[in-house]
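A.B. asks: Handing you a structure now.
The values are calculated or read from the model by the stated rules, or taken from the named source; none is laboratory data. No experiment lies behind these values; they were computed from the predicted model shown. Here the Cβ positions follow ideal geometry from the backbone for every residue, glycine too, while neighbour counts run over all protein chains shown.
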Amino acid sequence: MPTVVMTGGTGLIGQALVAVLKERGYHIKLLTRRRLANAAGVEYLSWDPQQGQLPVEALLDADYLIHLAGANIAEKRWTASRKQELLWSRTHTLDLLLDVFTHHRHQLKALVSASAIGYYDASQDRWFQETDAPGQDFLARTCVEWEAHARSFEALSVRVVMLRTGIVLSRHGGFLVPFLRALRWGVAPILGSGSQWISWIHVQDLCRLYANALITEQMVGPYNAVAPEPVTQKQLILSLAEMMKQHYFVPLHVPAFVLKMLLGEMSVEVLKSVRVSPQKLQQTGFQFSFPDIHSALTELLHA
């Protein structure tokens, strides 16, 4: 039974991914700052990244490492200290793990690390591929650092895969929940012009992708983890309304300047328009269960 060590495993994506990996026969070790009781196939390991404390011996039998750890981008306004935390929580945790595997005998074969499509320069209206240069804004610079720290594992002859993830659609939290809540009250929020492109992925497809990346030897480097058919923010809201049978709703246009007042610099990400291509991923043979927004929303709303 192969062993996977995972950071960030108690979050939205992590919880869904644990279920997928258990079905595929992995033993899972989750690094967490909370004390949790072990469950079938899942072992919880206490760590404290701020203090540099890790359960070293318990990590050394890992065959694979999945890195999902990172402070929530959308949770708070981007003050200077918050920006530092967003970057540090993604890179310092990788550095701690790298130090362990550098200085101890191990059997690690691959690292699959989260990244984000915030890597790209959204001021350009075109399809982005993995070979495109990064943007210059805060999130782009964060992604560049994030990926650079992941690539450090290559010095250990570990295969490194970085999944530049789009907006993750799930019924259990994240992006969709505020819009679902508003629509139940008969309000359809249109952010800015509503014409900004959203490159998204269903959480189940994302979990399958992580699981496949562990064992697909040809997968190396960055991959865009997005469905093939992006939608505009307005199209997404209207599709949600239709799927929820909300025939009577009031479009609520939230101008960009209001979002700027409410969210500060983070409003840039809310209004960002980026179309990202999954062509490189599809060339590995990966097939999306939910390639279009209609199939994704049908499953999420009616399963």
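A.B. asks: Please verify whether the range 22-40 includes one or more residues that are surrounded by fewer than 17 Cβ atoms within 10 Å (Cβ to Cβ), over 18 Å from residue 152 (Cβ atoms) and in contact with a helix residue (DSSP H, G or I) (Cβ under 7 Å, 6 or more places away or on another chain).
C.D. replies: Yes, the range 22-40 contains a residue that is surrounded by fewer than 17 Cβ atoms within 10 Å (Cβ to Cβ), over 18 Å from residue 152 (Cβ atoms) and in contact with a helix residue (DSSP H, G or I) (Cβ under 7 Å, 6 or more places away or on another chain).
A.B. asks: Can you pull out every residue in the range 274-298 that is of a type in the set (D, E, K, R) and touching a Lys or Arg at 6+ places or on another chain (Cβ under 9 Å)?
C.D. replies: 275
A.B. asks: Taking the residues in the range 24-47 that are at pLDDT below 90 and of a type in the set (D, E, K, R) as candidates, determine which candidate is nearest to residue 95 (Cα to Cα).
C.D. replies: The selected residue is 33.
A.B. asks: All but one of (1) surrounded by fewer than 19 Cβ atoms within 10 Å (Cβ to Cβ); (2) modelled with pLDDT under 95 hold for residue 168, so report the exception by its number.
C.D. replies: In the conditions (1) surrounded by fewer than 19 Cβ atoms within 10 Å (Cβ to Cβ); (2) modelled with pLDDT under 95, residue 168 misses (1) alone.
A.B. asks: Looking at the range 53-64, is at least one residue closer than 19 Å to residue 147 by Cα and either exposed (fewer than 15 other Cβ atoms within 10 Å of the Cβ) or at pLDDT 95 or above (or both)?
C.D. replies: Yes.
A.B. asks: Residue 258: at pLDDT below 85, out of contact with any helix residue (DSSP H, G or I) (no Cβ under 8 Å at 6 or more places or on another chain) and surrounded by fewer than 21 Cβ atoms within 10 Å (Cβ to Cβ), yes or no? Please lay out each step first, then the result.
C.D. replies: Values: at pLDDT below 85: yes; out of contact with any helix residue (DSSP H, G or I) (no Cβ under 8 Å at 6 or more places or on another chain): yes; surrounded by fewer than 21 Cβ atoms within 10 Å (Cβ to Cβ): yes.
The answer is yes for residue 258.
A.B. asks: Out of the residues in the range 149-161 meeting the condition of being touching a residue at least 12 places away in the same chain (Cβ under 8 Å), outside any strand (DSSP E or B) and under 19 Å from the mean Cα position of the chain (by Cα), tell me which one is surrounded by the fewest Cβ atoms within 10 Å (Cβ to Cβ).
C.D. replies: 149
A.B. asks: Which condition number does residue 88 fail, the rest of (1) crowded, with 16+ Cβ neighbours inside 10 Å; (2) in contact (Cβ under 8 Å) with a residue 12 or more places away in the chain being met?
C.D. replies: Unmet condition: (2).
A.B. asks: Here's a follow-up. Just one of the numbered conditions (1) assigned to a strand (DSSP E or B); (2) modelled with pLDDT under 95 is not true of residue 111; which one?
C.D. replies: So the condition that residue 111 fails would be (2).
A.B. asks: Say we look at the range 107-134 and pick out the residues that are more than 29 Å from residue 9 (Cβ to Cβ) and free of Cβ contacts under 8 Å to residues at least 40 places away in the same chain; which of these is surrounded by the fewest Cβ atoms within 10 Å (Cβ to Cβ)?
C.D. replies: Ranking the qualifying residues of the range 107-134, first place goes to 131.
A.B. asks: Kindly indicate whether residue 171 is among the basic types (Lys, Arg) and assigned to a helix (DSSP H, G or I). Give the derivation first.
C.D. replies: Numbers: among the basic types (Lys, Arg): yes; assigned to a helix (DSSP H, G or I): no.
No.
A.B. asks: Taking the range 96-106, which residues are over 23 Å from residue 211 (Cα atoms) and in contact (Cβ under 8 Å) with a residue 24 or more places away in the chain?
C.D. replies: Scanning the range 96-106 gives 96, 100, 102, 104, 105.
A.B. asks: Right, another one. What helices (runs of 4 or more DSSP H) completely inside the range 1-105 contain at least 1 residues that are of a type in the set (A, V, I, L, M, F, W, C), under 21 Å from the mean Cα position of the chain (by Cα) and within 27 Å of residue 216 (Cβ to Cβ)? Walk me through how you get there before you give the answer.
C.D. replies: Working: elements: 12-23, 56-59, 80-103.
Here the list reads 12-23, 80-103.
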